[in-house]
Amino acid sequence: MVEEVLLAEPRGFCAGVEMAIKALAWMVRIFEPPVYCYHEIVHNRLVVDRFRHLGVVFVEDVDAVPPGVPLMLSAHGSAPEVVAAARAKGRFVVNAVCPLVTKVHHEAKVRAQKGYTVLYVGHAGHDEAVGTLAVAPEQMRLVEHEADLESALADVADPDRVALLAQTTLALHDWEGIMNGARARFPELWTATRDDLCFATTNRQAALRVVSARSDAVVVIGSANSSNTVALAKVAADAGCERVVRVDGPDELDLDALGDPRVVGVTAGASAPEDLVQAVVEKLNPTRGVEPVFVTDETEYFPPPRELRDLLPALEALASLTVGGSPSGTGRSLADDRSADASRALADLRG
Ligand code: SF4
């Protein structure tokens, strides 16, 4: 029987995911279906299924999107040629790339222009990695594991011009091992001042490290294709917790697989909704209740993508003139975006 749940704070939706989900919710309200989305808007099965249910069509190729229709590009960032192809043929394109992914794209572009060989630590085939590597394909080399360093460094033209960038959602421990290996070989190695792991990744891992040290078992909520979720499971295992399970939601949680824990730590990846967390805690049913384990506050806010910021004031003005309301029909206005939250936007859409 579980006596206590330790709930990591922060957990769940990050500012980038909040922005992307709210932006797609706006598009669903504004446009007649179907609204198209290139790649999963975020890597969470439940979020994607909710949007699919509302008529959003997810595609892996922008050529599959008809001309003249609304199209969103996912939070993970898209290759420059994909963005250009999306904007062709009169489509209304909203690019929901997280600003922190854009920052890494910018670093890749600048280093490549300066003649650097750019090592990119990331997961092969992950949407974010694919989009970033496409910024400077000639000069970028993917490094997934420390063992890949040798081959990635084999054809470095100038040892004084080697840079190391990273996917934003890696486990800190993995990234540091590769960075130390590369720096030992190239002392002049260029890296971003505060590395590329985003604040949300770092904060969720820090909170989970504290939780893991006090837990007999840890449950990480999030989808298998979510890089930061998988990284969280690794962080808990690296912190010495012997039973770590990742689940999409309460239905997948097998209580027997946790052994017979007295204390269970719970966290959620950056794309997992809070209602799943609460449902998992309910299933664990701790006899002595839930203790939040707070590490830091997150106050970051990313405004809606520029294309929506440009469009919505005009639609709001038109709606107030014609029907006396907002384009959403719920009274929510773009000016309210900061105070709105994505979980609520998803719930409103369900209704
Ligand atoms: S995990 Fe970090 S990089 Fe990814 S969307 Fe969230 S804030 Fe942006």
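The values are calculated or read from the model by the stated rules, or taken from the named source; none is laboratory data. Keep in mind the model is a prediction, meaning the values are calculated, not measured. Glycine gets a Cβ as well: all are built from the backbone with ideal geometry, and neighbour counts include every protein chain shown.
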Problem set entry | Residue that is farthest from Phe92 (Cα to Cα) [pool: residues in the range 259-289 that are among the β-branched types (Val, Ile, Thr) and surrounded by 14 or more Cβ atoms within 10 Å (Cβ to Cβ)] | Val263
Exercise. Is it true that Val94 is part of a strand (DSSP E or B), not small (Gly, Ala, Ser) and not assigned by TED's automatic domain parsing to the domain that holds His173?
Worked result: yes
Exercise. What is the residue count in the range 213-232 for residues that are surrounded by fewer than 24 Cβ atoms within 10 Å (Cβ to Cβ) and either of a type in the set (A, V, I, L, M) or not in a loop (DSSP other than H, G, I, E, B) (or both)?
Worked result: 3
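Does the range 71-83 include one or more residues that are over 29 Å from Trp190 (Cα atoms), at pLDDT below 95 and assigned by TED's automatic domain parsing to the domain that holds Asp336?
Just the residues of the range 71-83 that are over 29 Å from Trp190 (Cα atoms), to begin with: 71-73.
Narrowing the set further to residues that are at pLDDT below 95 leaves none.
The answer is no; no qualifying residue exists.
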Exercise. Do we find a residue being under 23 Å from the mean Cα position of the chain (by Cα) and surrounded by fewer than 18 Cβ atoms within 10 Å (Cβ to Cβ) anywhere in the range 159-166?
Worked result: no
Exercise. Hey, among the residues in the range 259-272 that are over 13 Å from Glu3 (Cα atoms) and more than 14 Å from the ligand (Cβ to nearest atom), which one's modelled with the lowest pLDDT?
Worked result: Gly259
Exercise. Of the numbered conditions (1) part of a helix (DSSP H, G or I); (2) over 19 Å from His39 (Cα atoms), Gly240 satisfies every one except a single condition; which is it?
Worked result: (1)
Exercise. Looking only at the range 26-52, which residues are more than 16 Å from the ligand (Cβ to nearest atom), touching a Leu at 6+ places or on another chain (Cβ under 9 Å) and in a helix (DSSP H, G or I)?
Worked result: Trp26, Met27, Val28, Arg29, Ile30, Leu46, Arg50, Phe51
Problem set entry | So Asp256, is it surrounded by fewer than 16 Cβ atoms within 10 Å (Cβ to Cβ) and either closer than 19 Å to Val5 by Cβ or of a type in the set (A, V, I, L, M) (or both) | yes
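Is one or more of the residues making up the range 102-114 of a type in the set (Ser, Thr, Tyr), surrounded by fewer than 16 Cβ atoms within 10 Å (Cβ to Cβ), within 16 Å of the ligand (Cβ to nearest atom) and under 19 Å from the mean Cα position of the chain (by Cα)?
Looking through the range 102-114, at least one residue is of a type in the set (Ser, Thr, Tyr), surrounded by fewer than 16 Cβ atoms within 10 Å (Cβ to Cβ), within 16 Å of the ligand (Cβ to nearest atom) and under 19 Å from the mean Cα position of the chain (by Cα).
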